[in-house]
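Worksheet: the structure to be examined is printed underneath.
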Amino acid sequence: MGEVTGRQYALVGIATLMHFLVDGLCLCCTYLLTSPFNLPHLAAIFITYNLLAFLSQPLTGWMADRIRHKHWMLLGAVMLLAVAVLVTPLVMSSGGESMMFAVAALLGIGNSLFHVWGGKQVVLQVGNDIRALGVFVSTGAFGLAVAIVSCSWMLLYIFLIALIILATAYVMTDKSESQEHIQRKEPSTLTAQPSPNPAHRSTLNPQRTSFVIAIAAFVMFRSYLGKEFSLGAANTDAMILLVGFVTMLGKMAGGWISRWMGVVKALTMILIVVLVCMLTQRFSPVLPALAGLFMINCTMPITLYLANSVLPEREGLAFGILAAALMPGYLVK
């Protein structure tokens, strides 16, 4: 890839801010939607939302790698999320259970479309830069924490309005530089850049498939550890915000640490520290939990970077597979 411009870095920044808004909006809307209903309904809605938001991402990523108009997924995501937010008061007033599940489906599909679009856009704009990958994936965690602590109708509408403004800004800023033009820039030895020709995409041979399965298995393991560390620290509103902030910082820092140390050394160091945190958590639960949470999230940009490297020109599919792998690790008790 040729020299990255300031505009491209700005676009990654806008996508990162939208990540914060989308995750916060989805959780806030889900909480408000389920507030009049009983516990079984609440559980069913959250399961519906999470299954569609995460497990649909491999399919969404497969589609993203084939869509020529790169911002259709962003526009579709914003439209679905806006409809979900606007009809939620009507669903709550009517008490319709089927409509409640329809809103959850809109939120889940919208979330899936946005995340795959955003993960792909980072690679299209700046290449497979592990630092940029870490920055983009980081902010969603803090958006979730803010939504948990400050959930309200006002916050929900602020999220929606800000999302619409930033999505418009992204499309308007990026319209003068086509996807094909970005993709044809000179490749760099430091980044993996997608090709506009579908015929040049990587073939899913047994070796690549094995690597992807191994990376996805590690993501499941990371998801499980992240949940355990979070539960060990998040017991008040202030701690929930701190957990979200530490998670965000870990994902951001992971990209920079890996760029500085190298992926293998960084991953080795991170896992050693995580092991120490696991062993010491029984003596002082909060500090080791926060340290472990920070370190285990440092691996997120590493796994995404490796998946993009194993599946060049299939960055949408790579992102979607790893997102889907989060669910089993989180659901394991």
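Scanning the range 109-136 for residues that are of a type outside the set (S, T, N, Q) and either open to solvent by 10 Å² or more (accessible area, probe 1.4 Å) or in contact with a Ser or Thr (Cβ under 7 Å, 6 or more places away or on another chain) (or both) yields Ile109, Leu113, His115, Val116, Lys120, Gly127, Asp129, Ile130, Arg131, Ala132, Val135, Phe136. The residues listed here are Val103, Val4, Val83; of these, the one that is surrounded by fewer than 20 Cβ atoms within 10 Å (Cβ to Cβ) and either in a helix (DSSP H, G or I) or at pLDDT 90 or above (or both) is Val83.
Scanning the range 207-246 for residues that are buried (at least 17 other Cβ atoms within 10 Å of the Cβ) and among the small types (Gly, Ala, Ser), we see that the one that is nearest to Ala325 (Cα to Cα) is Ala216.
May I ask you to verify whether Leu322 is open to solvent by 50 Å² or more (accessible area, probe 1.4 Å), closer than 17 Å to Val116 by Cα and assigned to a helix (DSSP H, G or I)? For Leu322, the condition - open to solvent by 50 Å² or more (accessible area, probe 1.4 Å), closer than 17 Å to Val116 by Cα and assigned to a helix (DSSP H, G or I) - is not met. Inspection of the range 305-326 finds no residue satisfying the criterion of being free of Cβ contacts under 8 Å to residues at least 60 places away in the same chain and charged (D, E, K, R).
For the range 249-262, the set of residues classified as buried (at least 17 other Cβ atoms within 10 Å of the Cβ) and not small (Gly, Ala, Ser) consists of Leu249, Lys251, Met252, Ile257, Arg259, listed by residue number. Does Asn50 fit the bill of being closer than 19 Å to Ala145 by Cβ, open to solvent by 20 Å² or more (accessible area, probe 1.4 Å) and modelled with pLDDT under 95? So Asn50 fits the description; yes.
What residue, among those in the range 285-319 that are closer than 20 Å to Ile213 by Cβ and small (Gly, Ala, Ser), is surrounded by the fewest Cβ atoms within 10 Å (Cβ to Cβ)? Out of the qualifying residues, it is Ser309. Selection of the range 72-100 for residues being hydrophobic (A, V, I, L, M, F, W, C) and either within 18 Å of the chain's Cα centre (by Cα) or more than 21 Å from Trp153 (Cβ to Cβ) (or both) yields Trp72, Met73, Leu74, Leu75, Ala77, Val78, Leu80, Leu81.
The values are calculated or read from the model by the stated rules, or taken from the named source; none is laboratory data. The model shown is predicted, which means the values in this text are computed figures rather than measured ones. Methodologically, a virtual Cβ is constructed for each residue, glycine included, from the backbone with ideal geometry; neighbour enumeration extends over all protein chains shown. Ligands, DNA and RNA are excluded from the accessible area calculation, which covers all protein heavy atoms including side chains. Shrake-Rupley method; radii C 1.70, N 1.55, O 1.52, S 1.80 Å.
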